[in-house]
1. Residue by residue through the stretch 149-162, note down the ones that are farther than 16 Å from residue 11 by Cβ and either among the basic types (Lys, Arg) or surrounded by fewer than 22 Cβ atoms within 10 Å (Cβ to Cβ) (or both).
2. Test residue 112 against the criterion of being of a type outside the set (S, T, N, Q) and at pLDDT 95 or above, and give yes or no.
3. From the list 179, 112, 104, pick out the single residue that is under 17 Å from residue 86 (Cα atoms) and touching a Cys at 6+ places or on another chain (Cβ under 7 Å).
4. Just wondering, is there one or more residues in the stretch 104-112 that are in contact with a helix residue (DSSP H, G or I) (Cβ under 8 Å, 6 or more places away or on another chain), loosely packed, with under 15 Cβ neighbours inside 10 Å and under 22 Å from residue 9 (Cβ atoms)?
5. Looking only at the stretch 66-80, filter to residues that are touching a Gly at 6+ places or on another chain (Cβ under 9 Å) and not aliphatic (A, V, I, L, M); which one of those is farthest from residue 185 (Cα to Cα)?
6. Just checking, how many residues over the stretch 167-184 are surrounded by fewer than 23 Cβ atoms within 10 Å (Cβ to Cβ), assigned to a helix (DSSP H, G or I) and touching a strand residue (DSSP E or B) at 6+ places or on another chain (Cβ under 8 Å)?
Amino acid sequence: MASFILASQSPRRKSLLEWAEIKFEIVVSDTDESYPANLPIADVPEYIAKHKAIAVEQKIKDQGNYHQDICIIAADTVVVLANEIIGKPEDRAAAIASIRKLAGKTHQVITGVCLMHNGIVECFSEVTDVSFHPLSEQQITYYVNTYQPYDKAGGYAIQEWIGVIGIERINGDFYNVMGLPVSKLIQKIKQLGLL
């Protein structure tokens, strides 16, 4: 049985792994989340997730705590609209602008996941289409003022008020939009013989 390490500070990813009843520890390492300019957008989340996993593996080795049963789980989520990544907003104005862009349109949420175990590196992505109803300026500013979604890709969280009142439909894995395609992750872990 593997010892799972979640390489993420995200409370949503932590909750999803707990719901799946996976025992794990959290270890994080500051990672540069930049990527090559010529990298296709669909590959960005996996690229960043892999670098998060490498950084955490190195941290564990530096601490002298590494052993061959460790399986590191790292993930990165991006929101993509019309081939543009809508990142985490820096402030209130950026959050309002992000949601304004997404309102009344369909965008993609792509989560890249990287598993590292005993020299094996397994990366995959999941894509979910999310369609927003048109939103009024009042709804957008209320959400941003109340929930301050500055740590969230695209400036929103599907499990919060904006998701309940603003999302018309999704096509794909709901939990992927929360930040971790946990069902697919469990299947991959099983394929590697770690569960």
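1. Of everything in the stretch 149-162, just one residue is farther than 16 Å from residue 11 by Cβ and either among the basic types (Lys, Arg) or surrounded by fewer than 22 Cβ atoms within 10 Å (Cβ to Cβ) (or both), namely 161.
2. For residue 112, the condition - of a type outside the set (S, T, N, Q) and at pLDDT 95 or above - is met.
3. Within the list 179, 112, 104, the selection yields 112.
4. Within the stretch 104-112, the subset in contact with a helix residue (DSSP H, G or I) (Cβ under 8 Å, 6 or more places away or on another chain) is 107, 109-112.
After this cut, where a residue has to be loosely packed, with under 15 Cβ neighbours inside 10 Å as well, the list is none.
Among the residues of the stretch 104-112, not one is in contact with a helix residue (DSSP H, G or I) (Cβ under 8 Å, 6 or more places away or on another chain), loosely packed, with under 15 Cβ neighbours inside 10 Å and under 22 Å from residue 9 (Cβ atoms), which makes the answer no.
5. Selected residue: 68.
6. Looking only at that region, the number is 2.
Residue by residue, here is whether (1) assigned to a helix (DSSP H, G or I); (2) touching a Leu at 6+ places or on another chain (Cβ under 7 Å); (3) of a type in the set (Phe, Trp, Tyr); (4) closer than 15 Å to residue 177 by Cβ holds:
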residue	(1), (2), (3), (4)
108	no, no, no, yes
111	no, yes, no, yes
114	no, no, no, no
121	no, no, no, no
128	no, no, no, yes
131	no, no, no, yes
138	yes, no, no, no
141	yes, no, no, no
158	no, no, no, yes
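The values are calculated or read from the model by the stated rules, or taken from the named source; none is laboratory data. These numbers were taken from a predicted model, which means no experiment stands behind them. Note that each Cβ is placed from the backbone with ideal geometry, even for glycine, and that neighbours are counted across all protein chains shown.
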